[in-house]
Amino acid sequence: MQIKLQAMQTTFEDLNLSNQLRNAIEDLGFVKPTPIQAESFSVVRSGKDVVGIAQTGTGKTFAYMMPILRDLKYSTQQHPKILVLVPTRELVLQVVEEIEKLAKYITLRVVGVYGGTNINTQKRAIAQGTDVIVATPGRLYDLALSKALNLKNIQKLVIDEVDVMLDLGFRFQLLNIFDILPERRQNIMFSATMTDDVDALITDFFKTPEKVSIAVSGTPLDNISQQSFDVPNFFTKVNLLNHMLKDKETYKKVLVFVGFKRTADLLFNSIDESFAEEICLIHSNKTQNYRIRSIRQFDEGKNRILVATDVMARGLDFNGVSHVINFDTPKFPENYMHRIGRTGRAEQEGQSILFSTPNEQEHKAGLEELMNYKIPKIDLPAEIEISEQLTEDERPREDRERSKNRTGLEYVPGPAFHEKSEKNSKTNQGGSYRREIAKKYKKPKTRGDKNYNKRNKKK
Ligand code: CDP
Ligand code: MG
């Protein structure tokens, strides 16, 4: 496949790294640069604006950090020269850690800042002097406005996970930050998907950035094996999931995805009590501490099962996830790509399992078409009990009207706050849907066509 072929062609020797970087990479045990790392290196070094697009889990953090550190001169000056913006607090911590690993033999000061924690501690860290600052947009802006952080020396702005950033509604905050940054700077953007929102941000604010895109989202990594089950309804899916989770040997570390936080809560409460000790949950209504604890417990293997919404788990690099279970079928294929990319990272083997109700068949067809791959279907095991119980959403309309005033356990559908943009939820599922998806992903005409990237470099 494309990814592996390209990876074979370039070595770290070809990249003209400094000795310090080469040694750090050797310590990490990396054998070859990933395609996005190989292709971005000289483009980032050229100083031009860059947009890098590559599948999740393909090493985008180092794709921008290697060339940046290659050219960053030792300095004792107070104010940072590099600003890296990421969408979530969890990612600030993760990116800081990655930079520290890469800078093992370089004298480099890195500070991570994010909201929801004491700002004074962060002000003190910044006052010590810093070269690289990694931040979520809101807290960065607050620190700049309060004059604790001076951005006048920023030479390079990295916006990582641009697609997630825009999905979470950070566009306005990004524009505010652009306003207070020096005009002469290099803009470096990385994203797993090229969505309409990403495209709009680029056309509105950046002059013809160089595009480096590898295996356009839609090409699954070939070390992730995929399976699917057709299941009549929500509670039968619960029965199937419970059945699977009983096999602890096979299902060692399981990430279960659902689209909405209300569904996440309903599922969390419906999973067999026998798993109570092994399961944790994250979604945006949970407190920061709760989220961090869930992530840590899952990552360290204290909890075998994590139930998560799409937004919360994007971009996170968990250790050795054995299975991603798509409890629902995402309406937008990009969500499926982000989900399954949590397993099979860094060339390990991974398994993805998709559950689809009759109503979700259309979404499934859409993502199979995008991947140009039919997900193998497994028959529902005979011992799975078919549930008669329906969620509020699954019941016929008149029935729903009648029970409008009933409260209790019912599942009430509806878009959750900022987990899906309004634009997405309004999309009509008719014939135009496929065309829209095709447009959104700007699919290459030929898969594995290396010149595709070259042809499309100039926007
Ligand atoms: O940002 P993206 O989702 O593309 O991936 P990442 O968060 O940068 O994670 C890539 C994973 O691959 C990390 O665990 C890296 O340590 C590892 N890796 C890499 O980045 N580069 C290599 N050449 C080999 C492994
Ligand atoms: Mg990333």
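The values are calculated or read from the model by the stated rules, or taken from the named source; none is laboratory data. Being a predicted model, the structure only gives us computed values, none of them experimental. In this analysis, Cβ positions are derived from the backbone assuming ideal geometry, glycine residues included, and neighbour counts consider all displayed protein chains.
The set of residues from region 89-104 being touching a residue at least 40 places away in the same chain (Cβ under 8 Å), part of a helix (DSSP H, G or I) and more than 9 Å from ligand 1 (Cβ to nearest atom) comprises ARG89, GLU90, VAL92, LEU102. Just one residue in the set ILE305, ILE224, ILE292 is more than 24 Å from PRO330 (Cβ to Cβ) and β-branched (Val, Ile, Thr); that residue is ILE292. Quick check: is even one residue across region 158-170 more than 16 Å from ligand 2 (Cβ to nearest atom), under 26 Å from ARG70 (Cβ atoms) and among the aliphatic types (A, V, I, L, M)? Scanning region 158-170, I find no residue that is more than 16 Å from ligand 2 (Cβ to nearest atom), under 26 Å from ARG70 (Cβ atoms) and among the aliphatic types (A, V, I, L, M), so the answer is no.
Got at least one residue in region 149-170 being of a type in the set (D, E, K, R), assigned to a helix (DSSP H, G or I), touching a residue at least 24 places away in the same chain (Cβ under 8 Å) and in contact with a strand residue (DSSP E or B) (Cβ under 7 Å, 6 or more places away or on another chain)? Yes: region 149-170 contains one or more residues that are of a type in the set (D, E, K, R), assigned to a helix (DSSP H, G or I), touching a residue at least 24 places away in the same chain (Cβ under 8 Å) and in contact with a strand residue (DSSP E or B) (Cβ under 7 Å, 6 or more places away or on another chain).
Scanning region 55-87 for residues that are within 12 Å of ligand 2 (Cβ to nearest atom), modelled with pLDDT under 90 and not small (Gly, Ala, Ser) yields GLN55, THR56, THR58.
Among the residues examined, LYS253 does not qualify as surrounded by fewer than 18 Cβ atoms within 10 Å (Cβ to Cβ), closer than 18 Å to VAL307 by Cβ and not aromatic (Phe, Trp, Tyr). Residues in region 24-47 that are of a type outside the set (A, V, I, L, M, F, W, C) and either at pLDDT 95 or above or within 19 Å of LYS211 (Cβ to Cβ) (or both): PRO33, THR34, PRO35, GLN37, GLU39, SER40, SER42, ARG45, SER46, GLY47.
When restricted to residues that are more than 13 Å from ligand 2 (Cβ to nearest atom) and crowded, with 20+ Cβ neighbours inside 10 Å, region 97-109 contains 2. Here is a check on your reading of the model: is ILE224 of a type outside the set (Gly, Ala, Ser) and away from ligand 1 (no atom under 16 Å from the Cβ)? So ILE224 does not fit the description; no. For region 109-131, the condition of being within 16 Å of ligand 1 (Cβ to nearest atom) and assigned to a helix (DSSP H, G or I) holds for none of the residues. The single condition among (1) surrounded by 23 or more Cβ atoms within 10 Å (Cβ to Cβ); (2) within 16 Å of ligand 2 (Cβ to nearest atom) that ILE133 does not meet is (2).
Pairing each residue of region 337-351 that is assigned to a loop (DSSP other than H, G, I, E, B) and within 9 Å of ligand 1 (Cβ to nearest atom) with any residue that is at pLDDT below 80 and among the hydroxyl-bearing types (Ser, Thr, Tyr), provided the two are 6+ apart or on different chains, yields C-beta distances under 7 Å for GLY341/THR56.
The residue that is farthest from ligand 1 (Cβ to nearest atom), among those in region 182-195 that are buried (at least 16 other Cβ atoms within 10 Å of the Cβ) and part of a loop (DSSP other than H, G, I, E, B), is ARG185. Taken over region 13-52, the criterion of being of a type in the set (Val, Ile, Thr) and either in contact with a Pro (Cβ under 7 Å, 6 or more places away or on another chain) or within 10 Å of ligand 1 (Cβ to nearest atom) (or both) is satisfied by ILE25, VAL31, THR34, ILE36, VAL44, VAL50, VAL51. If you go through region 280-316 and keep only what is among the acidic types (Asp, Glu) and in contact (Cβ under 8 Å) with a residue 40 or more places away in the chain, you end up with just ASP310.
Candidates are the residues of region 218-255 that are of a type in the set (A, V, I, L, M) and not in a loop (DSSP other than H, G, I, E, B); the one that is nearest to the chain's Cα centre (by Cα) is LEU255.
Residue count for region 377-394, restricted to those that are more than 20 Å from LEU354 (Cβ to Cβ) and either modelled with pLDDT of 95 or more or not in a loop (DSSP other than H, G, I, E, B) (or both): 1.
Being acidic (Asp, Glu), modelled with pLDDT under 90 and not in a helix (DSSP H, G or I): is that true of ASP204 here? Considered against the rule, which asks whether it is acidic (Asp, Glu), modelled with pLDDT under 90 and not in a helix (DSSP H, G or I), ASP204 comes out as no. Run TYR141 past the list (1) within 25 Å of LEU168 (Cβ to Cβ); (2) within 16 Å of ligand 2 (Cβ to nearest atom) and report the number of the one that doesn't hold. Against the list (1) within 25 Å of LEU168 (Cβ to Cβ); (2) within 16 Å of ligand 2 (Cβ to nearest atom), TYR141 comes up short only on (2). Would you check which residues across region 324-336 are touching a strand residue (DSSP E or B) at 6+ places or on another chain (Cβ under 7 Å) and either at pLDDT 95 or above or not in a helix (DSSP H, G or I) (or both) and list them? Answer for region 324-336, where residues must be touching a strand residue (DSSP E or B) at 6+ places or on another chain (Cβ under 7 Å) and either at pLDDT 95 or above or not in a helix (DSSP H, G or I) (or both): VAL324, ILE325, ASN326, PHE327, ASP328, THR329. Residues in region 250-279 that are in contact (Cβ under 8 Å) with a residue 60 or more places away in the chain and closer than 19 Å to GLN351 by Cβ: THR250, TYR251, LYS252, LYS253, VAL254, LEU255, VAL256, PHE257, VAL258.
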